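Here the structure is laid out as C-alpha cells; the discussion comes afterwards.
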Amino acid sequence: MKVSVIVPVYNVEKYLRRCIDSLLSQSFSDFEIICVNDCSPDGSADILNDYAIKYPELIKVLTNEKNLGLGLTRERALEYVQGEYVMFVDSDDYVKPDYVETYMKAAGEGDFDIVVGGYIRDCAGKLTEHIMSNTVWSLTTYAMACAKLYRTSFIRDNHLAFTDVGCGEDIYFSLSAFYCDPRFTVIDYAGYYYYFNNQSITGAMDYSKNHERLMQELFTTFLKNHDVSKLPEERQRVIEYTYMANMVNALVVFNRGCGVSLMKEKYRFVMDDLESKFPNYATNPYVGLTKPKGQTSRVRLGVGVPMALRKVHLDKLLFYFFALI
C-alpha cells in the first residue's frame, strides 16, 4: 500500500461526510483511510460506522477509550499505518479529487521525506488560495501537518511525535521534522481545503485562553526534547525565528482587544521567555522587513516590525495598539 490518510474525528458530524467523501473521490486508488473517533460526543461515531461497513477494505475506524486530543489521536493512528507514505486530513476539512495523486507524483520525482503543498482557506464559502515557497519556511512557520505528504519510515525512524499541549500540535510536529533535516520538495499546488471552523480549537481562541502561555509550554517541551545546540547555527536561528513568529502571532492575533493592562503582563511574559530561551535573538539574521527570502509578507512584517521598533524602545506601543482594537 502506498498511502495512509489519517483523519482524527471529534465533534464534526456537520462536516465529516464531506471530508470522507472527498477522500473516496480520489483519482489515486492505492491508499487507506484511518479514522480515529476521539470520544466524539455527537453523531460522528454513527457516521464512521456507516462508512466502515460500506467500505471495509478502504476505511479503518479506531475508537479512543478516552479523549486524547488532536495530536495524540494522530499518534495513535500512526501505529496502524500500512502505507509507505502518510497524510493527515482534519475531519472538518476536505480535498480536491487529484489531491493524493498530485503529492504521490511529486514524491516519485525524487528521494523526498516530505512533500509540501499549499492550501485553500474556506471561510464561510469564501475561498483563498495559498501557495507555499520552495524554502525552509514551508517546514517551520508554515506549520500545518496537513497539506503535506510524509514518508512513513522518516516519521518512525526519527520517532516524530505530536504533543499534548492544548494548542500547537502542528508546530511541534513540524519543528521536530525540521530538526531531523528532511529531504523535502514544495509543489506549486493547493488541493487541501482548510475550513475555518469557529468551534475548532484555533477558531475558539481568544485572549482569555492565554495563547502565549501555550506557546511557551510548547517551545519549552520542544527544546527539552531536542538538543538544538547540536544543529548548525543557521538552523538554530530558523527555530529562533519560528519562535518569534509564533509569539508575535499570540500577542497581536489571539490577544487582540485584551486591554493595555493585560497586554503589559502578557508582553513581559513573552519577552522574559524569549530572552531566557534565545538570549541572542536581537542578532537573528533572518529578522527584517524585506527578509527572509520565501517568507510570507505577513510573517516577515509581523516579526520585522516589532523587532525594529524594539531597537528604539517603541515596540510596546505597537502591542498596546492591538490590545485596544
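The values are calculated or read from the model by the stated rules, or taken from the named source; none is laboratory data. Note that the coordinates shown come from a computational prediction; the quantities given were computed from them, not determined experimentally. Glycine gets a Cβ as well: all are built from the backbone with ideal geometry, and neighbour counts include every protein chain shown. For the accessible areas, the whole protein counts, side chains as well, though only heavy atoms, and no ligand, DNA or RNA atoms are used. Shrake-Rupley method; radii C 1.70, N 1.55, O 1.52, S 1.80 Å.
For residues that are hydroxyl-bearing (Ser, Thr, Tyr), assigned to a loop (DSSP other than H, G, I, E, B) and under 20 Å from Val100 (Cα atoms), scanning just the range 16-52, find the one that is modelled with the lowest pLDDT. Checked the range 16-52; the qualifying residue modelled with the lowest pLDDT is Ser29.
Arg235: among the basic types (Lys, Arg) and either exposed (fewer than 15 other Cβ atoms within 10 Å of the Cβ) or at pLDDT below 95 (or both), yes or no? Answer is no for this residue. Summed over the range 13-37, the residues that are open to solvent by 10 Å² or more (accessible area, probe 1.4 Å) and closer than 13 Å to Leu70 by Cα give a count of 1.
Put simply, of Asp170, Asp157 the only residue that is among the acidic types (Asp, Glu) and closer than 21 Å to Ile120 by Cβ is Asp170. If you filter the range 266-285 down to residues that are touching a helix residue (DSSP H, G or I) at 6+ places or on another chain (Cβ under 9 Å) and not in a helix (DSSP H, G or I), you find that the one that is most open to solvent (accessible area, probe 1.4 Å) is Asn280.
Please verify whether Thr296 is open to solvent by 50 Å² or more (accessible area, probe 1.4 Å), within 24 Å of Glu129 (Cα to Cα) and among the hydroxyl-bearing types (Ser, Thr, Tyr), treating the condition exactly as stated. Here the answer is yes, as Thr296 does meet what is asked. The residue that is farthest from His159 (Cα to Cα), among those in the range 48-58 that are surrounded by fewer than 21 Cβ atoms within 10 Å (Cβ to Cβ) and of a type in the set (A, V, I, L, M), is Ile53. Check the range 81-94 and report whether any residue there is in contact (Cβ under 8 Å) with a residue 24 or more places away in the chain, farther than 30 Å from Tyr179 by Cα, within 23 Å of the chain's Cα centre (by Cα) and surrounded by 14 or more Cβ atoms within 10 Å (Cβ to Cβ). No; the residues of the range 81-94 include none that is in contact (Cβ under 8 Å) with a residue 24 or more places away in the chain, farther than 30 Å from Tyr179 by Cα, within 23 Å of the chain's Cα centre (by Cα) and surrounded by 14 or more Cβ atoms within 10 Å (Cβ to Cβ). Consider the range 95-126 and keep the residues that are charged (D, E, K, R) and closer than 12 Å to Tyr192 by Cα. The one that is farthest from the chain's Cα centre (by Cα) is Asp98.
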